[in-house]
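Values in this text are rule-based calculations from the coordinates and carry no lab data. Keep in mind that what you see is a predicted model, and the values were worked out from it rather than measured. Every residue, glycine as well, gets a Cβ built from its backbone with ideal geometry; the counts of neighbours run over all protein chains shown.
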Amino acid sequence: MQYRKFEKLGIECSVFGIGCMRLPLLRNPDGSTSYEKIDESEAIRMIRHGIDNGVNYLDTAYGYHGGNSERLVGKAIKDGYREKIRLATKLPVWLAKSYEDFDRLLNEQLARLETDYVDFYLLHSLNKNSWEKVRDMGVLDWLDKTAADGRIRYPGFSFHDEFPVFRDIIDSYDWKMCQIQLNILDDNYQAGVKGLKYAASKGIPVVVMEPLRGGKLASAPPDIMELWNQAGSSRSPVEWAFRWLYNFPEIKVILSGVSTMEQLQDNIRIFGKALPNCLSRDELDLVRKVKERYESKTKVDCTSCEYCMPCPNGVSIPGIFSIWNDSSIFGMTDGHLNRYNKLISDEKDASRCIECGECETACPQSIDIIHKLKEADGALREV
Ligand SMILES: NC(=O)c1ccc[n+]([C@@H]2O[C@H](COP(=O)([O-])OP(=O)(O)OC[C@H]3O[C@@H](n4cnc5c(N)ncnc54)[C@H](OP(=O)(O)O)[C@@H]3O)[C@@H](O)[C@H]2O)c1
């Protein structure tokens, strides 16, 4: 395992951190799984195997696995494992209605985790609205007090919005870390590489989430695989995706959720060689070509900014475009059809569009939404 220094904090963490949002699940008698029902013994075995093999960063959150991720992590880090790791969890800012709620939620989390303190405590999934809400409720003052009383060590935040919002948040407080979504397809999305460099320029350590786009980059369609193979190496798409990230010296930890022991072992192997500045110019070119190939399959250039929402007739516009793009880029699966069927049953599918055009006026990307919704409906509706 390779480690990187959080210079200002005087600590170092493993470049690979286990994201406890996608833990192995128990099978119901009919073979299905429920997100809340973690396979506890396997998850504990995997987390401890990770720690025994050099992983020292665990990331969880109040809401993962319906609250059971924190409870599971609490069990996994007993028997001496707590002292071996840096533990990150997150304040569910959407549940905080008053200043007192910050304390109430953190204390509940400490009880679930069966620990007296968390190392990294993040305001979860900040965007413009949630940031302004908790800032105005006094969360920064509360973070200072909580760091002083020892229940948290390093205040941070995770982020899902546009770069200007990220810059505003970064500039507003003495953050000890931040967490952003980054992968070969999202280099220019949300905070992006620009955000990574900006945070680093301010001395704020960056942790990356969704390095495989939630697993979608793990298996490449044949044309993409052909491109990867041009490098003449035996690297898997997973290894390429991680390698592109650990090439950045500014990235301190790359979180990946692992749902099987094989994935965990594969990642431990890959991160054994995770050196910064390891990619040659040719390899960077290859990653660019792969990204372009993926992007050429994009059906609609929707960035999910949600300016078009709410639709007066309830159509889930960015949701539909996301399913349509995913099914084109990564190949149509039952998962995509199921997601669209759910929108149909919730009366949020594209056929509900009444062509009022409000969305098109609001769209900063000038997308011909009405026409694209029709196309999406044709592609996603099962015959
Ligand atoms: N703060 C936030 O707002 C936020 C948001 C998202 C994530 N997070 C955190 O960031 C962590 C990382 O994000 P992520 O879980 O989306 O990471 P990711 O690496 O993009 O996706 C994880 C998925 O990739 C697949 N995978 C991982 N390693 C693999 C391997 N070696 N071979 C094949 N497939 C592999 C698995 O998919 P399958 O299970 O389908 O096989 C796994 O569940 C999360 O677990 C969570 O802790 C935070």
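Reported to the nearest whole Å, the Cα centre-to-centre distance from the stretch 250-280 to the stretch 12-72 is 17.
Going down the table (K216/K299; K128/K176; K297/K374; K8/K197; K75/K216; K37/K133), which pairs top 28 Å between alpha carbons? Write down the numbers at each step before the final one.
Working: K216/K299 17 Å; K128/K176 20 Å; K297/K374 18 Å; K8/K197 16 Å; K75/K216 30 Å; K37/K133 32 Å.
Flagged as over cut-off: K75/K216; K37/K133.
On full extension of the chain, what length is gained from K202 through E132, given 0.36 nm per residue of separation minus the C-alpha to C-alpha distance? Before the final figure, lay out each step's value.
On the way: separation 70, 0.36 × 70 = 25.20 nm, distance 2.13 nm.
Going from the current span to full extension adds 23.1 nm.
Normalising by residue count, the stretch 276-365 has a Cα convex hull of 135 Å³ per residue. Would you work out which of S345, L113, I317 lies farthest towards the positive end of the dipole of the chain? Charges go on Cβ: Lys and Arg +1, Asp and Glu -1. Value: L113.
Less than 15 Å from a label point 7 Å out along the Cα-to-Cβ axis of Y99: which backbone N atoms in the stretch 105-135 qualify, by residue? Within reach of a label on Y99, which here means backbone N under 15 Å from a point 7 Å along Cα→Cβ, the stretch 105-135 contributes 134-135. Our summary of shape: the Cα atoms of the stretch 3-289 have principal axis extents of 57, 48, 35 Å, ordered from largest down, in whole angstrom. The P(r) of the stretch 317-380 has a tail past 15 Å containing 48 percent of all C-alpha pairs. Ranking L91, L58, I170 by how far each Cα lies toward the positive end of the dipole of the chain (charges on Cβ) leaves L58 at the top. Kirkwood's formula applied to the C-alpha pairs of the stretch 140-263 gives a hydrodynamic radius of 16.0 angstrom. Charged side chains reduced to their Cβ positions (Lys and Arg at +1, Asp and Glu at -1) give the chain a dipole of some 940 debye around its Cα centre. Approximating the spin labels as points 7 Å out from Cα along Cα→Cβ, the Q365-to-I344 distance works out to 2.5 nm. Shown here for the stretch 256-355: GluC sites (Glu not before Pro) in loop regions (DSSP other than H, G, I, E, B) with at most 15 other Cβ atoms within 10 Å, namely E306, E347, E355.
Taking trypsin sites (Lys or Arg not before Pro) that fall in a DSSP loop and have at most 13 other Cβ atoms within 10 Å as cut points, what is the longest piece of the chain between them? Longest gap between qualifying sites, sites excluded: 203-383. Qualifying GluC sites (Glu not before Pro) in the stretch 95-127, where qualification requires a DSSP coil assignment and no more than 15 other C-beta atoms within 10 Å, comprise E114.
Report for the stretch 1-91 the percent antiparallel among DSSP-assigned beta bridges with both residues inside it, nearest 5. Walk me through the numbers on the way to the answer.
Values: 6 of 11 bridges.
Here the antiparallel bridges make up roughly 55 percent for the stretch 1-91.
Electrostatic tally near Y246: other residues with Cβ closer than 12 Å to its Cβ, Lys and Arg +1, Asp and Glu -1, net +2.
Relative to the present Cα-Cα distance, how much length would full extension add between C356 and D174 at 0.36 nm per residue of separation? Provide the component values of the computation, followed by the final result.
On the way: separation 182, 0.36 × 182 = 65.52 nm, distance 4.60 nm.
Net length gain for the segment: 60.9 nm.
Summarising the strand pairing of the stretch 3-289, around 15 percent of its internal DSSP beta bridges are antiparallel.
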